[in-house]
1. Determine whether Thr77 is at pLDDT below 95 and not assigned by TED's automatic domain parsing to the domain that holds Arg227.
2. What are the residue pairs meeting all of these: first residue in the stretch 58-69, first residue surrounded by 15 or more Cβ atoms within 10 Å (Cβ to Cβ), second residue at pLDDT below 90 and in a loop (DSSP other than H, G, I, E, B), Cβ atoms under 9 Å, and 6 or more apart or on different chains?
3. Filter the stretch 99-118 down to the residues that are of a type in the set (Val, Ile, Thr) and modelled with pLDDT of 90 or more, then identify the one that is surrounded by the most Cβ atoms within 10 Å (Cβ to Cβ).
4. Report yes if some residue within the stretch 192-201 is closer than 28 Å to Gln33 by Cα, of a type outside the set (Gly, Ala, Ser) and at pLDDT 95 or above; otherwise report no.
5. Taking Trp38 and the conditions (1) outside the structural domain of Val132 (by TED's automatic domain parsing); (2) among the hydrophobic types (A, V, I, L, M, F, W, C); (3) within 24 Å of Asp188 (Cβ to Cβ); (4) free of Cβ contacts under 8 Å to residues at least 40 places away in the same chain, which numbered condition does it fall short on, given that it satisfies the others?
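The values are calculated or read from the model by the stated rules, or taken from the named source; none is laboratory data. All values derive from a computational prediction rather than experimental measurement. Here the Cβ positions follow ideal geometry from the backbone for every residue, glycine too, while neighbour counts run over all protein chains shown.
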Amino acid sequence: MDSSLLVALAVLGLAVVVALGVLAYRREQAREQALRAWAAAGGWQLVDEDDRWSQAFGGPPFGVGEDPRAQDVCTGTRGGYGELAFTYRYATYRTVTSTGPNGQMTTTRQREEHDVQVVAMRLPVVIGPVQVVPEGLGQRFVTALGGQDVEIEHADFNRRQRVTAASPKLATDLLSPRVVEQLLTHEDVSLRVAEGWALAWTPGRLSGPGVDERLAMLRAVVDGIPRFVWLDHGHDPGTLASPLRKEAP
């Protein structure tokens, strides 16, 4: 191949890479600006990064990969419940081996970033663990949670979602028909009630509309917890939940 053509192709390839990088940067800037406006309008406290939250929870999606970080951290209190939202970011690495023009083998370690939107409500007492994840993610998360499979009296829900819990009875108490119907409208979202939190997560970076949607789902779950379950766990549902502490646990 002509050397001038090779140079032209290399320049074109570099231009494409630069253009894609600029586009991604501008898209991220627009997302951050929209998130700041949403947080200000909703009375949220927003900080760019607070890595204590990346270590505050057990179970999925946490404890995977390396270099965990909590970014876009939003905290607030509504209806007596502390609320939290952030982008959980971690890295994984893979080893890539390639052969150079002289036949020499070269091995490199390539880094890949992963983003997860996390939204949570703080509960007044510890309930759970009960976890609901899309069926395709089930086995890995069952192992991580250490629970057992639970069948709900809803065939469509059982096909689409996988429920695990330390107590099957608690899972069926929490997943009433109304709550199940609500969860079926959020099939891509994973949910866990544990450690004094109701937690939802899905892939991607945080956005205001995404937080609003996940919080509505979590409120439906928390509002649907039967009174006897609250009482069994030492909380009178006639009193408000404890507000979110400003510092990470």
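1. Numbers: at pLDDT below 95: yes; not assigned by TED's automatic domain parsing to the domain that holds Arg227: no.
Considered against the rule, which asks whether it is at pLDDT below 95 and not assigned by TED's automatic domain parsing to the domain that holds Arg227, Thr77 comes out as no.
2. Gly59/Gly146
3. Restricting attention to the stretch 99-118, the residues satisfying the condition of being of a type in the set (Val, Ile, Thr) are 99, 106-108, 116, 118.
Subsequent filtering for residues that are modelled with pLDDT of 90 or more retains 116, 118.
Working: Val116: 20, Val118: 24.
Step by step, filter the stretch 99-118, then rank; the result is Val118.
4. Residues of the stretch 192-201 that are closer than 28 Å to Gln33 by Cα, as a first pass: 198-201.
If we keep only those that are of a type outside the set (Gly, Ala, Ser) as well, we get 199, 201.
With at pLDDT 95 or above added as a condition, the list becomes 199, 201.
For the stretch 192-201, residues closer than 28 Å to Gln33 by Cα, of a type outside the set (Gly, Ala, Ser) and at pLDDT 95 or above: present.
5. Every condition holds for Trp38 apart from (4).
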